[in-house]
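One structure is given below, encoded as structure tokens.
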2 protein chains.
Amino acid sequence: MREPTPRPGGRTARNREQVLAAVSAELAENGYDALTIDTVAARAGVHRTTVYRRWRNVGGLLADVIAAAGDLDWQPRDTGSLTDDLTALNEEIQESLLAQPSIAAALIAVSFRSSEAADGLARMWAARYAQCEIVVERAVRRGEIPADTDPRALLIAATAPIYHCLMLLRTPPDPGLPARAAASTVTAARAGAFRAGAPLHPGSPSPPQ
Amino acid sequence: MREPTPRPGGRTARNREQVLAAVSAELAENGYDALTIDTVAARAGVHRTTVYRRWRNVGGLLADVIAAAGDLDWQPRDTGSLTDDLTALNEEIQESLLAQPSIAAALIAVSFRSSEAADGLARMWAARYAQCEIVVERAVRRGEIPADTDPRALLIAATAPIYHCLMLLRTPPDPGLPARAAASTVTAARAGAFRAGAPLHPGSPSPPQ
């Protein structure tokens, strides 16, 4: 195999990768309080003035770590069924929050202290939910759910319980939750619960089977 | 009206109330970094040694604020319909997170820094969800949903989107979300999505209407 030709800016790109990897590692291992430009520069093996010049402060580093995570060429799974696509998505979320150490969990924690991190995460999540809308569009095309289903409302309903249980309620991880949250959301979606003009009050009670 | 007779321990109880109110106010206004035994004692108008003796440190104060919030004689609304009960619950959650300043949001933020606060909040939420199970039991008794519905799974599904949107995604408040999250959860519950032995994969796709 030939050596790849160095692109212009190759060293800059490599520096950025090393610095952002160092931020993630420091954050996950030692937390926000220990995070400084100096510890990051030392861990990345990059001169501290390079880090100061490009990222200015810890907030700048955090915003760029989150932006880089959003840049990844990520796509939701395409299993052929809405329930399985959502289960795969939830399992990916659950794994990322339970990883030891978890960069995702560390960034969520930091978002309560740094407005740069909070804004960055909000943008990243908006982009990620937009990337997931194709899962809902495919289900509509297969005839699984009504055509006027609101993709974002459905995706929030499917994924919110995973974040809620692990990050706020801090209940022990439940390996069945990703599939159950997916299945109950699909049941609601099929019945039209996420249709753009869905009535707030489902019709009169019907007896349970 | 007669003056209420002072109970034994009345001053201690009054001190606790003043100190915990001062913690909540300091936290919501100035944040965790500014929270010290001294600022709390000064704001409460209580001697600092009293605070040190009873609560030891900031972690002890936070744990007691959360425990006191859980002590409240709170009960979920009883409107006569599951959708309306869950909507009322979600509206209460949304209001508490949007209050300016919000003690609930401040405590969630602190839970990412203080393990005492994290443990205290986990206990408080466990108790609060248990208190809400009656909402599901009443719906079962009215025949709205199947008898073997898992109350906790239903309550998590109904409430998680409110916390998720406001505390993690940080999207602008959506006044319709409490009712929509309630309605879609009830639709799923009626179709048996939260039954204890619910199949993970709902049956074959049915065409949308």
Checklist entry - Given the conditions (1) surrounded by fewer than 19 Cβ atoms within 10 Å (Cβ to Cβ); (2) out of contact with any Gly (no Cβ under 8 Å at 6 or more places or on another chain); (3) more than 17 Å from residue B:157 (Cβ to Cβ), which single one is not true for residue A:144? => result (1)
Checklist outcome for this item: Selection from region A:12-35 of residues outside any helix (DSSP H, G or I) and either open to solvent by 60 Å² or more (accessible area, probe 1.4 Å) or of a type in the set (A, V, I, L, M, F, W, C) (or both) yields A:35
Item to check | Spans of helices (runs of 4 or more DSSP H) in region B:36-120 with at least 3 residues away from chain A (no Cβ under 14 Å) | outcome: B:37-44, B:48-55, B:58-71, B:82-98
Checklist entry - Right, residue A:104: among the aliphatic types (A, V, I, L, M) and crowded, with 16+ Cβ neighbours inside 10 Å or not? => result yes
Checklist outcome for this item: With criteria (1) farther than 19 Å from residue B:77 by Cα; (2) at the interface with chain A (Cβ under 9 Å from one of its Cβ atoms); (3) without any contact (Cβ under 8 Å) to a residue 60 or more places away in the chain, residue B:163 comes up short on (3)
Next on the checklist: When the residues of region B:147-160 are narrowed to those that are more than 9 Å from every other protein chain (Cβ to nearest Cβ) and of a type in the set (A, V, I, L, M), which ends up nearest to residue A:155 (Cα to Cα)?
Outcome noted: B:158
Item to check | Per-region count, region A:36-67, residues closer than 30 Å to residue A:181 by Cα and crowded, with 17+ Cβ neighbours inside 10 Å | outcome: 2
Checklist outcome for this item: Filter region A:167-192 for residues that are farther than 18 Å from residue B:191 by Cα and open to solvent by 30 Å² or more (accessible area, probe 1.4 Å); the one that is nearest to the other protein chains (Cβ to nearest Cβ) is A:170
Checklist entry - Looking at region B:81-97, is at least one residue open to solvent by 20 Å² or more (accessible area, probe 1.4 Å) and at pLDDT below 90? => result no
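Yes or no, residue by residue, for (1) outside the structural domain of residue B:168 (by TED's automatic domain parsing); (2) of a type in the set (Val, Ile, Thr):
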site: B:17; (1), (2): yes, no
site: B:20; (1), (2): yes, no
site: B:36; (1), (2): yes, yes
site: B:41; (1), (2): yes, no
site: B:82; (1), (2): no, no
site: B:87; (1), (2): no, yes
site: B:99; (1), (2): no, no
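The values are calculated or read from the model by the stated rules, or taken from the named source; none is laboratory data. Since the model is a prediction, treat every value here as computed from it, not as a measurement. Glycine gets a Cβ as well: all are built from the backbone with ideal geometry, and neighbour counts include every protein chain shown. Note: areas computed on protein heavy atoms with side chains; ligands, DNA, RNA excluded. Shrake-Rupley method; radii C 1.70, N 1.55, O 1.52, S 1.80 Å.
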